[in-house]
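Readers should treat all values here as calculations from the given coordinates under stated rules, not as data from a laboratory. The structure displayed is predicted, hence computed values, not measured ones. Here Cβ is always computed from backbone atoms with ideal geometry, including for glycine, and neighbour counts include all displayed protein chains.
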Amino acid sequence: MNESHRGQSEPTEIVVKNTFLNLVDVDDQVWLRSLRRTQSSPVLSSGPHDESDDYNGEPRAQPVGAAAAAAAASLAEAGDRLPGLRIESDSASQSHRIFWRVDAKKLKSTDREHMSPEIVLHLGRPVTFKMVLRPRRVHNEKGGGAFRTAKGIGSVEVKCMERLGACDAPIVSFRIGVGAEEMRGPVTHDFSDRGSSGLPDASKVWHFPKHVDEKTGTFLVLLEISSQSSGAVF
């Protein structure tokens, strides 16, 4: 270390970037402890700048949008094994496929329903929906309509969270699936007439526990839905 730094009465400001300091004696170690680590600001330049000039070999930080896209791609490659939603949309046909991975712990709870996160679909305009899991009612006593009492057997409904009018393309067709079972439906429903709908009684019951992925503790619910005004056919 340069001896000129020692014995100075005024503090010395030194800028160090991606550098290792090699201490040669005890005095230098004491002097180093007085240094303060800061984060440098980006270099501003009026001319062209080649990032390779100052690349230090460490992984480059991705822009926020790129990082989010990479995370989404990683989740898709993993088969969407975490609880949550994934939506695939075709704007031309106004048709949508929604994959909802549900935490299987809900099937052993005393809850009487379990709702998905919000699903915003473009049916003439953005409209908010949710999927709702409901346990089969076993008896009319207290707790008779809970998931735990029903041993995880129940149904899936589609619920519109907004009031729709005739100008909102409220008539939709949908199909519902759970796990690897064949999709059921389609069902056509006018959400301006009633805010929720499901499969017919003869086909609405699902045995959710048999679709649980033991490794992740989740099961998959799938909804295919499209506006009747678009003419899309399942």
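I need the full set of residues from the range 148-171 which are over 25 Å from GLN94 (Cα atoms) and either small (Gly, Ala, Ser) or out of contact with any Gly (no Cβ under 7 Å at 6 or more places or on another chain) (or both), in order please. Listed by number, the residues that qualify are ARG148, ALA150, LYS151, GLY152, ILE153, GLY154, SER155.
Residues in the range 115-130 that are in contact with an Asp or Glu (Cβ under 7 Å, 6 or more places away or on another chain) and assigned to a strand (DSSP E or B) were compared, and the one that is nearest to PHE219 (Cα to Cα) is LYS130.
Name the residues in the range 158-183 that are surrounded by fewer than 17 Cβ atoms within 10 Å (Cβ to Cβ) and among the charged types (D, E, K, R), would you? Residues satisfying the conditions are GLU162, ARG163, GLU181, GLU182.
Checking PHE129, PHE147 one by one, the residue that is among the aromatic types (Phe, Trp, Tyr), out of contact with any helix residue (DSSP H, G or I) (no Cβ under 7 Å at 6 or more places or on another chain) and either surrounded by 14 or more Cβ atoms within 10 Å (Cβ to Cβ) or under 16 Å from ILE176 (Cα atoms) (or both) is PHE129 and no other.
To keep it simple, each residue is scored yes or no on (1) without any contact (Cβ under 8 Å) to a residue 24 or more places away in the chain; (2) touching a helix residue (DSSP H, G or I) at 6+ places or on another chain (Cβ under 6 Å); (3) of a type in the set (A, V, I, L, M).
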residue: GLY152; (1), (2), (3): no, yes, no
residue: LYS159; (1), (2), (3): no, no, no
residue: ALA169; (1), (2), (3): no, yes, yes
residue: ARG175; (1), (2), (3): no, no, no
residue: GLY179; (1), (2), (3): no, yes, no
residue: GLU182; (1), (2), (3): yes, no, no
residue: ASP190; (1), (2), (3): yes, no, no
residue: SER197; (1), (2), (3): no, no, no
residue: TRP206; (1), (2), (3): no, no, no
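Would you call ALA180 assigned to a loop (DSSP other than H, G, I, E, B) and either over 25 Å from ALA92 (Cβ atoms) or among the β-branched types (Val, Ile, Thr) (or both)? In short, yes. How many residues does the range 196-219 hold that are of a type in the set (S, T, N, Q) and assigned to a loop (DSSP other than H, G, I, E, B)? Residues meeting the conditions: 1. Might you check whether a residue that is assigned to a helix (DSSP H, G or I) and either among the small types (Gly, Ala, Ser) or over 27 Å from the mean Cα position of the chain (by Cα) (or both) occurs anywhere in the range 157-166? Looking for residues that are assigned to a helix (DSSP H, G or I) and either among the small types (Gly, Ala, Ser) or over 27 Å from the mean Cα position of the chain (by Cα) (or both), one finds at least one in the range 157-166, hence yes.
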